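The values are calculated or read from the model by the stated rules, or taken from the named source; none is laboratory data. Only a predicted model underlies this, so the values are computations on that prediction, with no experimental measurement involved. With ideal geometry, Cβ positions are generated from the backbone for all residues, glycine too; neighbour counts draw on all protein chains shown. What goes into the accessible areas is simple: the full protein's heavy atoms, side chains included, and nothing from ligands, DNA or RNA. Shrake-Rupley method; radii C 1.70, N 1.55, O 1.52, S 1.80 Å.
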Amino acid sequence: MPADTTLRLVLIGWGAIAQTTAELLRGSRVQIVAIAVGDANSPRHDLPQSARLIDDPNELSLIRPDVVAEAAGKDSLATWGHASLEAGADLIVSSASAFADAALFESMRDVAAGQGVHIQIQPGALAGVEALVAASLMGVDTVEHRMVKPPLAWLGTPAETLCDLHNLTEPEAFYRASAAQTAITFPKNANVAMTTALAGIGPDATMITLVADPLATTNRHELRAAGAFGTLEVMTDNNPLPDNPKTSALAAFSLVRAIQNRVTPIVL
């Protein structure tokens, strides 16, 4: 993009990740022209001055953004994804769990190909995704993704019936299944599971292990892969966003990086 050009961006959602993204992009060559929400009549606070609220996907064709960045969950992607691509915008996806729906994945891929635009799945709270994608060119045989959390962080999930979360004295791996099955059984962990799967050997072959560790104080991701390329081992300990303890800070920062890469002369 020429140095004197401003990137026109639409954010889908106005939660913690979107708000952090907007704040970190302040003063950059990115202009947030709209915030897409479910109901534009509900008040939203601290909106960028350049942005207006929209709740009709058809408005994207009039706004003509360069990029649409999703930060509102898989249901929002089903609502806004096709419209973004048909409006001629590249789409950055944070909620990879939406692509557990193979029909949605294939239809959005076909629209992107027909429009000559791109769908980018940003890595969120994960490290090593780019390396796994590169390794796949030579051949990957196995991929395992371990998610380690404090026991009480698993409350409100099926983990409550699989182990005694209140009385653990040592780490317990209480669940192991494919990424495809994990996305169904543990939907709150589906984004990272599907991101790993799409980067490597697919949802059915990628193995996910869920661990409750009484000594853990953060959410930890341990990615291991092996194949003709060699071996890959990456661990990430994620601190939460100050304004939303349920969201990893790295998830927001990765979205900012994906957007900034569109306007910076050197990309890493």
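What does the C-alpha gyration tensor say about the overall shape of region 1-157? Classify as rounded when a/c is under 1.5, otherwise prolate if a/b is larger than b/c, or oblate.
Numbers: a/c = 1.61, a/b = 1.31, b/c = 1.23.
It comes out prolate by the Cα gyration axes.
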Relative counts (whole %) of C-alpha pair distances in the chain, using bins that are 10 Å wide: 7, 28, 34, 22, 8, 1
Whole-percent carbon and sulfur share, accessible surface of the chain, 1.4 Å: 52
0 to 90° range, to nearest 10: angle between helix 102-115 axis and the chain longest Cα axis: 30
Among GLY230, SER28, GLY81 the positive-end extreme of the charge dipole of the chain (Cβ point charges): SER28
Estimated distance in nm for a label pair at LYS246 and THR79, the labels positioned 7 Å out from Cα along Cα-to-Cβ: 1.7
Largest-first principal axis extents, alpha carbons of region 134-268, Å: 51, 38, 25
Alpha carbon centroid spacing (whole Å) that separates region 102-155 from region 63-99: 15
Signed unit charges on C-beta, dipole axis of region 115-170, positive-most listed residue GLY139, GLY128, THR169: GLY128
Residues of region 46-175: accessible area per residue with a 1.4 Å probe, Å²: 48
The chain, dipole about Cα centre (Lys/Arg Cβ +1, Asp/Glu Cβ -1), debye to the nearest 20: 500
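To the nearest 20 Debye, how big is the dipole of region 146-203 about its Cα centre, given +1 on the beta carbon of each Lys and Arg and -1 on that of each Asp and Glu?
Working: 4 positive and 4 negative charges, 50 e Å.
With Lys and Arg at +1 and Asp and Glu at -1, about 240 debye.
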Top positive-direction residue, dipole computed over the chain with Cβ charges, set VAL10, GLN260, PRO203: GLN260
Cα-based Kirkwood hydrodynamic radius, region 53-104, one decimal, Å: 11.1
Size of charge dipole - region 54-108 - debye, nearest 20, with Cβ of Lys, Arg +1 and Asp, Glu -1, no other charges: 100
Gain in span if fully extended, ALA102 to ASN58, counting 0.36 nm per residue against the direct Cα distance: 13.4 nm
